[in-house]
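The values are calculated or read from the model by the stated rules, or taken from the named source; none is laboratory data. These numbers were taken from a predicted model, which means no experiment stands behind them. We place every Cβ from the backbone using ideal geometry, glycine too, and count neighbours over all the protein chains shown. The protein model used for the area step is the full one, side chains on, heavy atoms only, and it has no ligands, DNA or RNA in it. Shrake-Rupley method; radii C 1.70, N 1.55, O 1.52, S 1.80 Å.
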Amino acid sequence: MLVSQSSPASASADAERALLERRARLLGPTYRAFYRNPIHLVRGSGVWLYDAHGRKFLDAYNNVASVGHCHPRVVEALSGQAATLNTHTRYLSEIILDYAEKLLGTLPPHLGHAMFTCTGSEANDLAIRIAQHSSGGTGVIVTDFAYHGATIATAQLSPAAVGAKGVPAQHRTVAAPDTFRDHGHAARDFAGNIAAAIEDMRAQNIRPAALLLDSAFSSDGIFFPDASVMREAADHVRKAGAIVIADEVQSGFGRLGQGMWGFANYGLEPDIVTMGKPIGDGHPMGAVIVRPQLVSSFGSNTGYFNTFGGNPVTAAVGIAVLEVIEGEGLIENARMVGVYTRDLLDSLQGRHSMVANVRHNGLYFGVELTAEGDQALAAAKTSSVVETMREDGVLISSCGPRGNVLKIRPPLPFSRDNAEQLAETLDRALSKW
């Protein structure tokens, strides 16, 4: 009697389907996987991710693993401290102070206090609370396709997640400083739009509290506007008695290749800086760095305590990340490899008419695709390119309100060889159209 046997490929497909079914049953419908053919990852190292079948993928997307997946120095710091002590900040701990001192040393001297959280969402939530308390206002200004977090307060200030109608009436959205569309008029108009939003608040008897700003406009489509426009926008905010919050979750820690912090590229002096998971190479931690005078009243009247924000393990991890960035020259690497990668992407623009614009700063790239004015087709092309690259072993994603911008932001150890693989794979994906 013959017994039919499934092929290894068939058995693998069955196992993946079972895993997806189990995921849906246990986690529910809000957990969406990347890609039409989701990847079952089991290991990471540097800029590489490995699936359950041993195939490796070049990671050109995950900025959370800022200094590379499973960096040995970070892993050693984490495991060593976890084996020694992990508790909260109500007890005295020297390593937490060592980390705060080292982190503050990377920032402008007017930012004198560090407050630790477990996520970037918590950091932005706390920053909003401080801004509202210190300014006496309630209204916050964000760009119209921004993403700032998943708490109630930050989700409501994340139009990319909740849509413009989900932003409460006391807040305002403004167009991102689009440096490409309309010959860059939106970028030049940005400061004026901020001023108009403030005046509109006042007309509705709303007192402005803050401008919450992602220095790379990561969800809006990735833009790097002129520094003078950004400084003018900040001036309007301060004249209104409000606070400038720099959300550095995606643009910080050397990502832009011109120093540690994205806001510094514009010559801005924010009142509050927020950070998220890249602060710990993916370990769940975040921080709020603030002008001391803003929290003197907040601390005495409201107070802040986060049970495990800034615990000894995260402090050890945070120190290791800073030491790796400095010791391995990752900011300079982001600058040099970023320029090399941009040149490769620019050459693709010359060969593929659907590449409309390449935007870049350090190791952060936005590649805008077009389809002769057909927005839906441009978005479909973008999605197809992302999927094709995944099948070809390179991971990227997309962003922007039209869904037509390729989002490329690899871990900071990304090399010239990695850049060449990225460009060659993207070239093949674009050639299929």
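Points to keep in mind about this one:
- Working from the Cα coordinates of the range 369-433, the gyration tensor eigenvalues give, after taking √(5λ), semi-axes of 22, 13, 9 Å in decreasing order.
- Accessible surface for Asp125 stands near 40 Å², nearest 10, in the context of the full protein assembly shown (1.4 Å probe).
- Kirkwood-Stokes translational diffusion coefficient of the range 82-161, alpha-carbon pairs, 4 °C, 1.567 mPa s, µm²/s: 86
- Using every pair of distinct Cα positions in the chain, the Kirkwood expression returns a hydrodynamic radius of 22.7 angstrom.
- When the alpha carbon gyration tensor of the range 193-279 is reduced to an equivalent ellipsoid, the three semi-axes, largest first, read 24, 13, 11 Å.
- In sequence order, the range 124-130 has phi-based couplings of 5, 4, 5, 4, 5, 4, 5 Hz under the Karplus curve 6.51 cos²θ - 1.76 cosθ + 1.60, θ = phi - 60°, and Gly or Pro positions carry x.
- With the simple model of a label 7 Å out from the Cα in the direction of the Cβ, Glu76 to Arg202 spans 5.8 nm.
- Theoretical FRET efficiency, 1/(1+(r/R0)^6), r = Cβ-Cβ of Trp433 and Tyr304, R0 35 Å, to 0.05: 0.10
- Here the relative contact order of the chain, from alpha carbon pairs under 8 Å that lie six or more residues apart, stands at 21 percent.
- Percent of beta bridges antiparallel (DSSP, the chain, rounded to nearest 5): 65
- Sulfur and carbon atoms: percent of accessible area, the chain [1.4 Å]: 52
- Column: log10 I(q)/I(0), Debye, Cα scatterers of the range 274-410, q = 0.13 Å⁻¹: -0.78
- Projecting the alpha carbon convex hull of the range 47-121 along each direction and taking the average yields 7.7 nm².
- Using the Cβ-Cβ distance between Arg55 and Asp182 with R0 = 56 Å, the FRET efficiency computed as 1/(1 + (r/R0)^6) comes to roughly 0.85.
- Near His71: Cβ cut-off under 15 Å, other residues only, Lys/Arg at +1 and Asp/Glu at -1. The net charge is -3.
- Taking every DSSP helix (H) stretch of at least 4 residues in the chain, weighting each as -39,500 (n - 2.57) and dividing the sum by the residue count yields a mean residue ellipticity at 222 nm of -13000 deg cm²/dmol.
- Share of pairwise Cα separations in the range 118-229, more than 26 Å, in percent: 15
- With the convex hull constructed from alpha-carbon coordinates only, the range 18-70 shows a mean projected area of 4.4 nm² over all directions.
- Distance between the C-alpha centres of the range 16-81 and the range 281-311: 29 Å, rounded to the whole angstrom.
- Size of electric dipole in the chain: Cβ of Lys, Arg +1 and of Asp, Glu -1, about Cα centre, debye, nearest 20: 820
- Pairs of alpha carbons in the range 320-375 whose separation is greater than 16 Å (percent): 53
- Where Tyr99, Tyr91, Tyr61, Tyr304 fall by accessible area, highest first, once all protein chains stay in place (1.4 Å): Tyr91, Tyr304, Tyr61, Tyr99
- Positive end of the dipole of the range 298-347 (Cβ unit charges, origin at the Cα centre): among Thr314, Ser347, Val337, the Cα lying farthest that way belongs to Thr314.
- For the chain, the solvent-accessible area with a 1.4 angstrom probe is 44 square angstrom per residue.
- Rg then Dmax, both in Å and based on the Cα atoms of the range 133-193: 12.8, 39.
- The mean sequence distance of close C-alpha pairs (under 8 Å, at least 6 residues apart), as a share of the length of the range 386-431, puts its relative contact order at 34 percent.
- Averaging the Cα positions of each part gives two centres, and for the range 95-150 and the range 319-393 these lie 28 Å apart.
- Relative contact order %, the range 48-162, counting alpha carbon pairs below 8 Å whose residues are six or more apart: 13
- Distance between modelled label sites at Ser347 and Ser296, nm, 7 Å Cα→Cβ extension: 5.8
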